[in-house]
Amino acid sequence: MWKKAMSLLLCAGLCATLFGGTAAASEKLQDYVDSSSTFVPIDYDVDLDSLVYYNEYLDGLGDLPPVSGSVILQASDATATDGGELKLTTEPDGKTSLVMETERSYSWTFTMPAEGYASIYVEYIPVENNVSAITRGVRINGEVPFYESQTVPFDRQYQDVGEIKQGAGGDDIRPSTEEIFEWSEMGLIDAGGLYEQPFRFRFNAGENTLQLDYSMGEMKITQIRIEAAAELPTYEEYRANLPQEAKDAPAGTLLSWEAEVGAVRNDPSIRSVCDTDAATVPYCDGDYRLNTLGDSRWATGNQWAEWSFHVSEAGLYQISFRASQWYNDGRSSYRQVTIDDEVLFSELLAYEIPYARNWQTITLGEGEDSPYLIYLEEGDHTIRLTTKIGYMSSVSNHLERASLRLSDVLRSIIKVTGYDIDVNYRYELEKTAPEVITGFEEILAEVREMLKVMDAAGTKPSLYYSLVSTVELLEGVIQNPDDITIRYDELSTLQTNFGTWMDSIRSNALGVDSWTICDPSTEPPKATASFWDSL
């Protein structure tokens, strides 16, 4: 009897503990969620947070036609948004320039005959004794039109002073670098090299405003030109439109120069480096030779290097350069090719330089047997290579959007669980925070879009397989919400990975040793040394 009574008491106590404890725990969790709902939210700029990316903005233009003609905005027509006076100067050529001072924004009002899109070109020069990068934000009719227009860069130009010399030990000494102060015109474009052409902005019929907001650096401008650029022809259309007198350059014509000599760059970090390959000129031969340009220092979007050369006779030429491209996780690198400040045809907007473990000769063309023949007049010319991201630009945008969304989702999880997550407790996030599941579904859709882009391009770098694993992770937590807290560390690491992958995509390194311009019948030099030369 006594044992039975004790057993009954123990059972009753155990049941009270289990069910009472569960109820209490549920009550405490609900109290925590309720109290968390009163947290003061972070005050984000909702307008900027909801901005579309440029490629989405461009899709939104639909069938909008280009504007006809040009609109020229003079420096003296500007209005300082702070209501103060303009700082105007007269240039040696008689033009009036506006000094765009630190922490000041400027606007212009103008009229468009009809609704349409156009690009914006600014004639500018950096202010001396101000070495910071120059960036501005763009507002059209009082609004920031898309995400990338918040930070628009304006190039500075640099070149080496003097020749490469040797020190007492025989090693090369790097020459100093100086900035070139020259007026130039630049189309407004993104800071990361994601897009190949200047931005297209929508303008209304009638009155419009353009505002340039201070971000960094000082510059002077003389005028702003608003104009819709003509569509670039294909290579075949370019050839068809050449003058009748355009014939092949004389047989045997061969012009070459070293890339590390005389290059003008928009970033002083693009500089000459040493390469020990037997075919690289000048050969090291045991000494440190600055014999190539670029390498891993020439990888960021919109970094460019430009060379000048002289053609003694007009004609059709093929253009080649000796390149090192063993970087970028096995991905191709991309460069925009500009000749005399102009992209001649669409194939040169983002020219692909494939991955290779050795030096390679890149002849501009559709393959080894189909070089582009480019018409050059007699006289001086320039050729420029600008870093672009190529087809991976859309992957970069998807990564950035996924990273921002994942940040929101992780905050929503912590709001319920606190920072000390109990992996043995069922938080029932699908009920207490349903936005978490919705967020993971949106992130999963972004990751799948990235895989589609790479599948369409036919390339599968290591990032591709990392994204495949990410799909498995996201599908797992969506199907089994209880795994969210168990796999929280993996999800938190994914946030870091998104940022790392984005940086990797936007890095497109390239090294250039030399340039060759020759007639169509002449073979450019081989990129690799023979076995005996290497030995």
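The values are calculated or read from the model by the stated rules, or taken from the named source; none is laboratory data. These figures come from a predicted structure and were not determined experimentally. Note: ideal-geometry Cβ built from the backbone for every residue, glycine included; neighbour counts use all protein chains shown. Accessible surface is based on the protein model in full, side chains and every heavy atom, while ligands, DNA and RNA are left aside. Shrake-Rupley method; radii C 1.70, N 1.55, O 1.52, S 1.80 Å.
For a test of the definition: using alpha carbon positions, the gyration tensor, and the 1.5 limit on a/c, classify region 73-119 as rounded, prolate or oblate. Taking the square roots of the gyration eigenvalues as a ≥ b ≥ c, region 73-119 is oblate.
For region 160-179, the residues whose amide N sits under 13 Å from a probe point set 7 Å from the Cα of CYS274 along the beta carbon direction are 166-174. Just from its helices, what would the mean residue ellipticity at 222 nm be for the chain, if runs of 4 or more DSSP H residues each count -39500 (n - 2.57) and the sum is divided by every residue, rounded to the nearest 500 deg cm²/dmol? That comes out to -9000 deg cm²/dmol. With all protein chains kept in place, the per residue accessible area of the chain amounts to 51 square angstrom at a probe of 1.4 angstrom. Over all other residues within a Cβ to Cβ distance under 11 Å of TYR214, the charged ones net out to -3, with Lys and Arg as +1 and Asp and Glu as -1.
Using θ = phi - 60° in the Karplus curve 6.51 cos²θ - 1.76 cosθ + 1.60, the 3J(HN,Hα) couplings for region 469-476 round to 5, 5, 4, 4, 4, 5, 4, x Hz; x is entered for Gly and Pro.
Please find the FRET efficiency linking VAL99 to ALA314, where r is the Cβ-Cβ separation and R0 is fixed at 45 Å, and quote it to the nearest 0.05. Taking R0 as 45 Å, the efficiency between VAL99 and ALA314 is 0.60. Packing here is the average count of other Cβ atoms within 10 Å per residue, and on that basis the peptides 299-308, 507-516, highest first, run 507-516, 299-308. Stretched out straight at 0.36 nm per residue, the stretch from GLU207 to LEU404 would grow longer than its current Cα-Cα span by 67.3 nm.
Starting from the Cα-Cα distance between GLN479 and GLU377, subtract it from 0.36 nm times their residue separation and give me the gain in nm to one decimal. Working shown, then result.
Working: separation 102, 0.36 × 102 = 36.72 nm, distance 6.52 nm.
Using 0.36 nm per residue and subtracting the Cα-Cα distance, I get 30.2 nm.
Relative contact order of region 384-471, taken over Cα pairs closer than 8 Å and 6 or more residues apart, is 37 percent. A crude spin-label estimate for the pair ASP422 and SER76, with each label 7 Å from Cα along the Cβ direction, gives 7.6 nm. Between region 100-143 and region 492-511, what is the separation of their alpha carbon centroids in Å? Their Cα centres are 31 Å away from one another.
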